[in-house]
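See below for the structure under consideration.
The values are calculated or read from the model by the stated rules, or taken from the named source; none is laboratory data. Predicted, not measured: the structure shown is a model, and the values here were computed from it. For neighbour counting, all protein chains shown are included, and Cβ atoms are generated from backbone atoms with ideal geometry for every residue, glycine included.
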């Protein structure tokens, strides 16, 4: 058995079992530092005809063997420990998983805007997809909730409700409705559905009496012990424990995979959130990360609020780039998708192209115009997912006024978002459309357009989507995880400077002085509506070049020190460079079609994002 942060750990094998692809990476200690050396992938094999997740794991490791010329497998067994004499095996093997649809949960509370929302945040932070949020005041009748639970068949249910010592009747009522539904688990029929109760401690005896015989009931500390305090940590840990013990144990081949692993298998989104939170805490910075996939988009954030670091995750389950791309079109609206195209296109043509992508989800763009359309859709998927995240990442509701339960039921959603873009330090993008964009400038531009960062923001992309592997590795070896994250996983694209506010297009927006590490001093002015890219890359050691920027915004614009106030800040280079974005926040588009096309074309040319279109679209 390994010990955490073992200095003798030399060879680490890690896999991420995704819904379609299993990805393996090899991490080795080279000298005094850890580096990612080889990578392999293979189709995931949870479904027929294999129905054994370990087959895909072995196939992905086989690819690493072929690439490295080394041996890690003895038949269908991973060789432990690493043998330096024969250069075979590994010290530890770890894995994450979202195969079989990942962890699908329902959460329930008493008041939708309070305890139910706290339960939702706890489940999302544990890596779950939240299928529905139930509450006594959710405007559904009891029989409608019961039917909903039966139809969805979640992997587990998290029940919260009531502050400690408060009223117990409403949370017990919700427990009775879940018991009446008697939901059958999605995977396996021979075990009891896990239920976690994280509500009023005074209600525990009644909940045990109501639900204990029907479900596999786990009791943990109250998620919302008082109106002013939220405590999701124990519930999140229980969710992940039960995911491994109950849910994954029912999936084909997982029992074998669990035996192979040196640490508990972690849901993929939870692992991504863990590495983002670890990096934010270690560097003392505010971070937003996004993973955009074919069916869903996950957004993660870690922000310091009144001296306390708060982590949030949201899942936009129908915003993705293949299976749910038509939903992106429907949610965003055709006009919002078309506004990012630097050419004229008929609405019917655009609609057909998007629907072709939905029915052929594995296809990739073959024409430049198709790439521009796909990346326009990505901007809208990211924008909508981030909007949903901001609505979830809010301060606790109901804390200003201590009300009785009847008043709380009538309380409208309050609480401001915790996401302050002017305070954001680092924005990290992941997922195929970002990590595999033909030019890194395209990925950076997509993130700037979608998230619209303000002030000074460093930007980066995940090179080959290894954040899940590194997230679970933090549970084993912090140094290895953070070194590989900074040296192999993250590709820094550069720094974005963007004043917030608005003024008339063409008016002087800012003047700037950039003092670069190379000894250069760049001075200039920019008008409102313009965007500029200044190449500024990496030093000989592969680290971002540094520098300082002095920016003087116009009276109506703010760079972080207040409207019209001079701002001095640090510069970090990257594979794209320094971006000065004077388009304002929010970005405004010209109303007339030809003017809009010309406007967008000027932005993409400033970024050198695409070569000129030839021969139409």
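Only one of (1) assigned to a strand (DSSP E or B); (2) modelled with pLDDT under 90; (3) surrounded by fewer than 22 Cβ atoms within 10 Å (Cβ to Cβ) is not met by residue 304, so which one is it?
Failing condition for residue 304: (2).
Output the number of residues of the range 472-493 satisfying the condition of being in a helix (DSSP H, G or I) and more than 24 Å from residue 437 (Cα to Cα).
8
Going by the conditions given, is residue 485 surrounded by 22 or more Cβ atoms within 10 Å (Cβ to Cβ), on the phi > 0 side of the Ramachandran plot, at pLDDT below 95 and assigned by TED's automatic domain parsing to the domain that holds residue 303? Show your work before the answer.
Values: surrounded by 22 or more Cβ atoms within 10 Å (Cβ to Cβ): yes; on the phi > 0 side of the Ramachandran plot: no; at pLDDT below 95: yes; assigned by TED's automatic domain parsing to the domain that holds residue 303: yes.
Answer is no for this residue.
Report yes if some residue within the range 202-212 is in contact with a helix residue (DSSP H, G or I) (Cβ under 9 Å, 6 or more places away or on another chain), part of a loop (DSSP other than H, G, I, E, B) and modelled with pLDDT of 90 or more; otherwise report no.
no
Does at least one position in the range 158-171 carry a residue that is over 22 Å from residue 113 (Cβ atoms) and either part of a helix (DSSP H, G or I) or under 32 Å from the mean Cα position of the chain (by Cα) (or both)? Steps first, answer last, please.
Going through the range 158-171, the residues over 22 Å from residue 113 (Cβ atoms) turn out to be none.
Within the range 158-171, not a single residue is over 22 Å from residue 113 (Cβ atoms) and either part of a helix (DSSP H, G or I) or under 32 Å from the mean Cα position of the chain (by Cα) (or both).
Within the range 47-74, work out how many residues are touching a residue at least 60 places away in the same chain (Cβ under 8 Å) and under 11 Å from residue 13 (Cβ atoms).
Looking only at that region, the number is 1.
Select from the range 123-137 the residues that are touching a strand residue (DSSP E or B) at 6+ places or on another chain (Cβ under 9 Å) and outside any helix (DSSP H, G or I) and list them in ascending order.
Taking the range 123-137 first, the residues touching a strand residue (DSSP E or B) at 6+ places or on another chain (Cβ under 9 Å) are 123-136.
Listed by number, the residues that qualify are 126, 127, 128, 129, 130, 131, 132, 133, 134, 135, 136.
Could you pull out the residue among 328, 305, 337 that is in contact (Cβ under 8 Å) with a residue 24 or more places away in the chain, touching a helix residue (DSSP H, G or I) at 6+ places or on another chain (Cβ under 8 Å) and farther than 23 Å from residue 104 by Cα? Lay out the reasoning, then the answer.
Values: 328 fails: farther than 23 Å from residue 104 by Cα; 305 fails: touching a helix residue (DSSP H, G or I) at 6+ places or on another chain (Cβ under 8 Å).
Only one candidate qualifies: 337.
Which of the following residues is out of contact with any strand residue (DSSP E or B) (no Cβ under 8 Å at 6 or more places or on another chain), within 26 Å of residue 103 (Cβ to Cβ) and buried (at least 17 other Cβ atoms within 10 Å of the Cβ): 295, 332, 341, 280?
Details: 332 fails: within 26 Å of residue 103 (Cβ to Cβ); 341 fails: within 26 Å of residue 103 (Cβ to Cβ); 280 fails: out of contact with any strand residue (DSSP E or B) (no Cβ under 8 Å at 6 or more places or on another chain).
Just a single option satisfies the conditions, and that option is 295.
Mind checking which residues of the range 230-255 are farther than 30 Å from residue 56 by Cα, in contact (Cβ under 8 Å) with a residue 12 or more places away in the chain and outside any helix (DSSP H, G or I)? Let's see the steps before the verdict.
Going through the range 230-255, the residues farther than 30 Å from residue 56 by Cα turn out to be 230-235.
Filter once more, keeping what is in contact (Cβ under 8 Å) with a residue 12 or more places away in the chain: 230, 232, 234-235.
Within the range 230-255, 230, 232 meet the criteria.
So in the range 103-119, with the set limited to residues that are touching a strand residue (DSSP E or B) at 6+ places or on another chain (Cβ under 6 Å) and surrounded by fewer than 24 Cβ atoms within 10 Å (Cβ to Cβ), which one is nearest to residue 293 (Cα to Cα)?
Top of the filtered list is 104.
Can you tell me which of 144, 113, 120 is touching a residue at least 12 places away in the same chain (Cβ under 8 Å), part of a helix (DSSP H, G or I) and either over 17 Å from residue 162 (Cβ atoms) or under 26 Å from the mean Cα position of the chain (by Cα) (or both)?
120
Give the range 263-277 a look and list any residue that's surrounded by fewer than 21 Cβ atoms within 10 Å (Cβ to Cβ) and over 13 Å from residue 469 (Cβ atoms), or say none.
Hit for the range 263-277 is 264, nothing else.
Looking at 533, 545, 538, 522 in this structure, which one is surrounded by fewer than 17 Cβ atoms within 10 Å (Cβ to Cβ) and within 29 Å of the chain's Cα centre (by Cα)? Steps first, answer last, please.
Details: 533 fails: surrounded by fewer than 17 Cβ atoms within 10 Å (Cβ to Cβ); 545 fails: surrounded by fewer than 17 Cβ atoms within 10 Å (Cβ to Cβ); 522 fails: within 29 Å of the chain's Cα centre (by Cα).
Step by step, each of 533, 545, 538, 522 is checked, and only 538 is surrounded by fewer than 17 Cβ atoms within 10 Å (Cβ to Cβ) and within 29 Å of the chain's Cα centre (by Cα).
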